Amino acid sequence: MKTLMYPILGFVILLMTGFAPASSPVTSADFIDFYGKDQNESLDALIATVLENEKTPVLYFSATWCGPCKRFKKSLVDAKMIEALQEATLIMVDVDKAMRDNNEVNSGLTKRFGITSIPTFIKIDQKLNMLAKVGGEAWEEDIPENMAPVMKEFLNGTKFNR
């Protein structure tokens, strides 16, 4: 009986003292909702911060009415997607807001990168040069099992490079 009591007592003490593991698990991929003029920092500053954190900046062109965009966003909590996107930060550019509010920053980005369908993902460098581009048509079904391998290849491979 004493042999069971000590481990249980130790566990209870750890719980009471607020013990937490050294690193908590990541519960979602990095995601920033960027909206040009309402954003406190410029896109350049945002990208610099992403790069300082040793992440790859990815512009994610989306819209509120877009079904595939909604499913992609919901999938960001899936373990497969978290793993595929662990080296990236997605910066969402809402094309609806750009058109509705005549937002020059977002609409300028849409024109600059030739966005004709959504969702579209653009891997960029610190000077906003496009390194790779992929759209939602690259996977058959909007489920993490199909999206994660494409996103991993997009970030780490050469298949989608420009």
Exercise. In this structure, is SER28 modelled with pLDDT under 90, under 15 Å from PRO144 (Cβ atoms) and not in a helix (DSSP H, G or I)?
Worked result: yes
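For region 31-144, list the helices (runs of 4 or more DSSP H) that sit wholly inside it and hold at least 3 residues that are out of contact with any Lys or Arg (no Cβ under 6 Å at 6 or more places or on another chain) and at pLDDT 90 or above; which are they?
Working: elements: 43-52, 67-74, 79-84, 95-100, 104-112.
Correct list: 43-52, 67-74, 79-84.
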Problem set entry | Cβ-Cβ under 9 Å pairs, at least 6 apart or on other chains, region 53-68 side free of Cβ contacts under 8 Å to residues at least 40 places away in the same chain, far side surrounded by fewer than 24 Cβ atoms within 10 Å (Cβ to Cβ) and of a type in the set (S, T, N, Q) | ASN53/THR89; LYS55/GLN86; LYS55/THR89
For this session: Answer yes or no as to whether LEU131 is surrounded by 14 or more Cβ atoms within 10 Å (Cβ to Cβ) and out of contact with any helix residue (DSSP H, G or I) (no Cβ under 9 Å at 6 or more places or on another chain).
Result: yes
Exercise. Condition test on GLU87, is it touching a residue at least 12 places away in the same chain (Cβ under 8 Å), under 21 Å from ILE47 (Cβ atoms) and surrounded by fewer than 19 Cβ atoms within 10 Å (Cβ to Cβ)?
Worked result: yes
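The values are calculated or read from the model by the stated rules, or taken from the named source; none is laboratory data. Since this is a predicted model, take the numbers as computed values, not measurements. Note that we place each Cβ from the backbone using ideal geometry, even for glycine, and neighbour counts take in every protein chain shown.
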